[in-house]
Amino acid sequence: MAISFKKKHTPNSPSTSLQDMLAIAVKHHQAENFDEAITIYLKLLAHAPDSPEINYLYGHALIARKNDGDIESSLPYLETAAQTLNNQSPVMLALAESLMLNKKFHLANEALSKAEALGASAETCEKCRKYITQATMEHTIQERYLSSGSYVAPEFYLDFPDTLSETCFYQTLEESLSQPITDHRIFIGDNLIALSRTLSFLDDAKLVESFQKHTETAAEKATLWRVAVLLWGARQGLNLPGDFVECGCYRGISARIICDVLNFKQQEQRQYYLYDLFEHSDQETTHHAMPAHSSTLVNEVRQRFADMKNAQIIQGRVPDSLHDNMPEKIAFLHIDLNNVAAELGALELLFERLSPGGIMILDDYGWQPYMQQRLQEEPWLLARGHYVLELPTGQGMVIKH
Ligand SMILES: C[S@@+](CC[C@H](N)C(=O)[O-])C[C@H]1O[C@@H](n2cnc3c(N)ncnc32)[C@H](O)[C@@H]1O
């Protein structure tokens, strides 16, 4: 894109250095050093506030950086750029993205159609349209249902096998949402949408309070129903002899919520055993590292349970780490290692110790990406006379007999 500064200038006038500054800004922009690029674009805009090209570049960099306020700020610049550069598909695409992020969905679709007509790649346009459709639905859902005491995770992601099933899904959802609002609740999050359910766990004030306190990321905030299932299993365990166990506690969030709600620190005769690697070395191949894995995570988890003498945080590889430190009797067992071999190893050692009537929750059991867990754990349990109930959350539940 050719960029000119409209001021008149002679050779060696400021325009030369402005063009140099622009080249440096574009280099930063391309290298995704958005802070640097944005600082220079702002200086350039002070000299040439009407330059459509710099308005475009600045707006584009703001969308890419996404600091607080960037999304709102990007829109007037991209609108200015699009007034002149309305024959350039990248400009119309950036405008569509900014409009979408600013929740102006109808205009976003219009800008996208223009970009498409100007020759933007079909693949990019399809991707953008998908984002716009999803953002529109998320917005509609949040607006209409949050007020009815429903649960909508801050961001939700849905994986569809193909575009056709995705389109059908959104059409059906749109039809359902266009019905008059009743007082029924919906749950959306964690790849789960449930309409017209009572969602009684939302009425558990202690659970909701502790969940809000301990969850931080959008992914964690989506898991309320899973945590409610765990809490139910743990509650059953309070009537049985034995300790509580979680294999794969990661940041200790779900266990901490259970402890808060059940006041587990008063259960002085019981221990809560929490196992994890906490840190993933480069050679780690059995489980992918997650954002919080680090040399400090184990201490962060210890800190989370600092007020509980009966929490045991054990760092090491399951099942090896179980041999050194494992309860005799278990009243509640949660296995969440995302690693079939380690989970089977844990089952071999722990399942026979689970008290009759005790609940075992196998996280991710029904999730397609972790299909191997079901394929191997189901026959293992069947051979011991136990059936796994696959729950809508994707967890598997077993009642020990
Ligand atoms: C999905 S996370 C667990 C999330 C956690 N249960 C919760 O509710 O927040 C899976 C955890 O399993 C741990 N993990 C995987 N393989 C392991 C192994 N063989 N031994 C110990 N921990 C393991 C990982 O380090 C990771 O922190």
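Collect residues whose amide H, placed 1.01 Å from N in the peptide plane, falls under 5 Å from the amide H of Val152; neighbours closer than 5 in sequence don't count. Those lying under 5 Å, H to H, from Val152 are Ile188. Mean-square fluctuations from a GNM of the chain, with a 10 angstrom spring cutoff on Cα atoms, peak among Lys130, Lys329, Lys43 at Lys43.
Neighbours of Pro392 by Cβ distance under 13 Å: Lys/Arg scored +1, Asp/Glu scored -1, total 0. At a probe radius of 1.4 angstrom, the accessible area of the chain per residue rounds to 51 square angstrom. Normalised by residue number, the volume inside the convex hull of the Cα atoms of the stretch 202-399 is 118 Å³ per residue. Among residues other than His60 whose Cβ falls under 14 Å from its Cβ, what is the net charge (Lys/Arg +1, Asp/Glu -1)? So the environment of His60 carries a net charge of -3. Relative contact order for the chain: 9 percent, from Cα pairs under 8 Å spaced at least 6 residues apart, divided by residue count.
Computed over the alpha-carbon pairs of the stretch 14-120, the distance histogram in 5 Å steps reads 2, 15, 23, 23, 20, 11, 5, 1, 0 percent, short to long. Computed from Cα atoms, the angle from the helix 122-145 axis to the main principal axis of the chain rounds to 60 degrees.
Extension gain, Thr172 to Ala23: 0.36 nm times the residue separation minus the Cα-Cα distance gives 48.8 nm.
As a fraction of the 1.4 Å probe accessible area of the chain, surface on carbon and sulfur atoms comes out at 52 percent. Per-residue extension of 0.36 nm, minus the Cα-Cα distance of Ala218 and Gln315, leaves a gain of 32.3 nm for this segment. From helices alone, the chain scores -15500 deg cm²/dmol at 222 nm; the rule is -39500 (n - 2.57) for each run of n ≥ 4 DSSP H residues, then divide by the residue total. Comparing mean-square fluctuations of Glu220, Glu246, Glu166 from a GNM of the chain with C-alpha springs under 10 Å, the top value falls on Glu166.
Modelled spin-label separation between Ile399 and Gln266, with each label point placed 7 Å from Cα along the Cα-to-Cβ direction: 2.7 nm.
Computed across the chain, the Kirkwood radius stands at 24.7 Å (inverse of mean 1/r, all Cα pairs). What angle do you read, to the nearest 10 degrees and between 0 and 90, between the alpha-carbon axis of helix 89-101 and the longest principal axis of the chain? Long axis of 89-101 versus the principal axis of the chain: about 50 degrees.
Principal-axis analysis of the Cα atoms of the chain puts helix 70-84 at an angle of about 30° to the longest axis. Sequence-ordered 3J(HN,Hα) estimates for the stretch 247-256 from the Karplus curve with 6.51, -1.76 and 1.60 and θ = phi - 60° stand at 9, x, 8, 6, 7, x, 5, 5, 5, 5 Hz, glycine and proline given as x. Local charge for Leu344 was computed over the other residues whose Cβ lies under 13 Å away, with Lys and Arg +1 and Asp and Glu -1, and equals -2.
Per q in 0.15, 0.23, 0.28, 0.30 Å⁻¹, report the Debye log10 I(q)/I(0) for the stretch 89-140, using one uniform scatterer on each alpha carbon and no solvent. Once normalised to I(0) and log-transformed, intensities are -0.31, -0.71, -1.02, -1.14. For the stretch 339-365, the residues whose backbone nitrogen is under 13 Å from a point 7 Å from the Cα of Ala383, taken along Cα to Cβ, are 344-345, 347-349.
The values are calculated or read from the model by the stated rules, or taken from the named source; none is laboratory data. Owing to the predicted nature of the structure, the values given are computational and were not obtained by experimental measurement. Please note: Cβ atoms are built from the backbone with ideal geometry, for glycine as well, and neighbour counts cover all protein chains shown. Just the protein is used for accessible areas: all its heavy atoms, side chains included, with ligands, DNA and RNA removed. Shrake-Rupley method; radii C 1.70, N 1.55, O 1.52, S 1.80 Å.
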